Amino acid sequence: MPPAPAKGKGKDDNFRARRLSVSDIDTSEFEKAQSLTPGQQGKGQRGRRMSMSPEMGVVKPKASLPFALEYVGTYSCHGVEPGMRAGETSAKINQDRGCVCYPFGIEGRDYQQALFCVYDGHGALGDKVSHFTMNEIQLQLEKHPKLHDDPPTALKETFVAVDKQLRADKSIDAELSGTTAVVVLYRELADGNVVVWSACAGDSRATLCSLKKGATNSGSQLKDASFTDLTEDQKPDTKAEADRIKKCGGFISPPEEEWGGPARVWIDANMTLPGLAMARSIGDHLVSDVGVCAEPEVRKFELGAMPTDPASDGHHFIVMASDGVWEFIESADACALVLKFLKADIDKGASGDATVAVTKLIETAAAKWRQEEGDYRDDITAIVIQCRGLFQHANPQP
């Protein structure tokens with residue numbers, strides 16, 4: 001989300017304060033999660049790698065990663081906020097989380113499966129909420145009895161259960177703090193066909209780019225390629241979301257024309273609290289009684305068989321990101337940019353490099369923030385997944 005208006009430009013000067021981080025937040029859990037975190041194992045469960053998206057500039061040992069860097073690239077970049085003096089900026093606490101989990105699911109199935117997640121925390125304890133959510137969703141989803149036969153139900157019930165567990169956790173006050181959640185469950189069947197399910201609560205996003213051999217890009221124009229959003233941003237002024245919130249007694253303010261701020265959800269007509277810029281989230285329990293919910297929208301996409309030859313048609317890649325990317329970059333632009341840095345190697349018969357591509361995407365998003373917002377930049381987290389031959393490039397289990 002963009003910052004709220006500067007003093008004198010909007011009626012609520014507390015908006016911007018709520019976007020800034022709290023200096024004494026304990027980040028020890030964030031630091032510990034940079035290392036390899038094996039999944040908890042139970043009966044029938046596989047040994048799992050859960051790799052958290054590292055901060056830009058941090059290089060993790062390749063052997064600790066679920067997939068080769070060229071096939072799954074992910075980074076998280078902390079935001080910046082105004083410094084003590086005019087023109088200065090300081091690093092803010094990174095409230096984003098991203099993770100990649102593989103192997104994922106129960107042993108003995110006739111498919112391979114991975115889980116990709118991006119979370120965007122907000123509020124004073126947003127980093128704690130996103131970190132809690134990152135850990136719990138992957139643990140509880142893997143154990144869900146309907147994960148194999150009914151992934152949509154498993155995803156919905158897991159999101160809601162994690163939100164309920166968060167509410168019961170007295171160590172994290174999630175009344176005015178929360179997180180978005182975008183999750184992609186990626187399954188390759190025994191016949192080589194790929195099916196993905198996306199689950200989204202909030203305004204982080206996942207998009208799929210499909211291209212043919214020789215595909216090119218020019219600006220935001222993708223030639224011989226197309227993109228499909230796997231999720232839809234759940235903004236308060238989207239009709240279905242607005243109808244639910246108003247029916248539950250909530251209030252919605254329209255987007256601010258003067259400074260470009262988003263529509264927001266309020267508990268009263270005086271717009272006292274909390275000014276939430278999304279219609280669904282995990283946490284934000286103050287507005288749970290006025291229609292803001294943790295249940296995600298789930299969609300299924302059948303991608304078909306993924307060829308293993310880099311020179312063949314049918315190449316697909318997925319871009320997932322927090323709104324640090326999507327605030328100023330449209331889906332088509334993001335796909336075109338990623339394609340630019342994958343294409344050179346693809347044309348030569350190589351795989352392309354997802355880590356180089358995700359780095360350039362985050363750098364471009366950061367430059368957009370600097371251009372548009374000056375001394376403020378939101379946290380940015382992104383994942384680029386090359387679908388072709390993905391599981392052939394998984395690292396051996398620890």
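Rule-based calculations on the coordinates, nothing more; no lab input. Bear in mind that the values here come from a model prediction, so they are computed numbers and not experimental data. All Cβ positions, even for glycine, are placed from backbone atoms using ideal geometry, and neighbour counts span all protein chains on display.
Can you compute the label reach from Trp259? Point 7 Å from Cα along the Cβ direction, backbone N cut-off under 19 Å, restricted to region 359-395.
Residues 369-379 qualify, since their backbone N sits under 19 Å from the label point.
Can you give me the Cα centroid spacing of region 242-267 and region 90-119 in angstrom?
Rounded to whole Å, the Cα centres lie 31 Å apart.
Taking amide H positions as placed in the peptide plane 1.01 Å from N, state which residues far from Gly98 in sequence (5 or more) or on other chains have amide H under 5 Å from it.
Here the answer is Ser53, Tyr119, since their amide H atoms fall under 5 Å of that of Gly98.
For Arg167, Arg280, Arg187, what's the fewest-to-most ordering of other Cβ within 10 Å of each Cβ?
Values: Arg167 16, Arg280 26, Arg187 19.
By the 10 Å Cβ count, ascending, the order reads Arg167, Arg187, Arg280.
Counting just the Cα atoms, what span does region 110-174 cover along each of its three principal axes? Round to the nearest Å and put the largest first.
44, 21, 15
Using the structure shown, select from Lys156/Lys300; Lys156/Lys360; Lys300/Lys368 the pairs with a Cα to Cα distance greater than 25 angstrom.
Details: Lys156/Lys300 13 Å; Lys156/Lys360 33 Å; Lys300/Lys368 32 Å.
From Lys156/Lys300; Lys156/Lys360; Lys300/Lys368, over 25 Å: Lys156/Lys360; Lys300/Lys368.
Can you sort His144, His122, His78 from fewest to most other Cβ atoms within 10 Å of each residue's own Cβ? Could the numbers behind the result be given before it?
Values: His144 16, His122 30, His78 19.
Placing the least packed residue first, the sequence is His144, His78, His122.
Over 21 Å between Cα atoms: which of Lys128/Lys170; Lys60/Lys143; Lys170/Lys247; Lys146/Lys239 fall into that group? Mind showing how you got there, number by number?
On the way: Lys128/Lys170 12 Å; Lys60/Lys143 28 Å; Lys170/Lys247 30 Å; Lys146/Lys239 31 Å.
Result: Lys60/Lys143; Lys170/Lys247; Lys146/Lys239 exceed 21 Å.
Which of the GluC sites (Glu not before Pro) found in region 69-152 are in a DSSP loop and have at most 14 neighbouring Cβ atoms, other than their own, within 10 Å? It would help to have the intermediate numbers written out before the result.
Numbers: sites: Glu70, Glu88, Glu107, Glu136, Glu142; in loops: Glu70, Glu88, Glu107.
Here the GluC sites (Glu not before Pro) that fit, given the DSSP loop and packing criteria, are Glu88, Glu107.
Can you sort Phe251, Phe317 so the residue with the fewest Cβ neighbours within 10 Å comes first? Could the numbers behind the result be given before it?
Values: Phe251 17, Phe317 24.
Sorted ascending by nearby Cβ count, the order is Phe251, Phe317.
Which whole-number percent is the relative contact order of region 230-320 (Cα, under 8 Å, 6+ apart)? It would help to have the intermediate numbers written out before the result.
Values: 121 pairs, mean separation 21.6, N = 91.
RCO, region 230-320: 24 percent.
Less than 12 Å apart at the alpha-carbon level, and either on another chain or at least 8 residues along: which aspartates and glutamates does that give for Lys340?
Asp353
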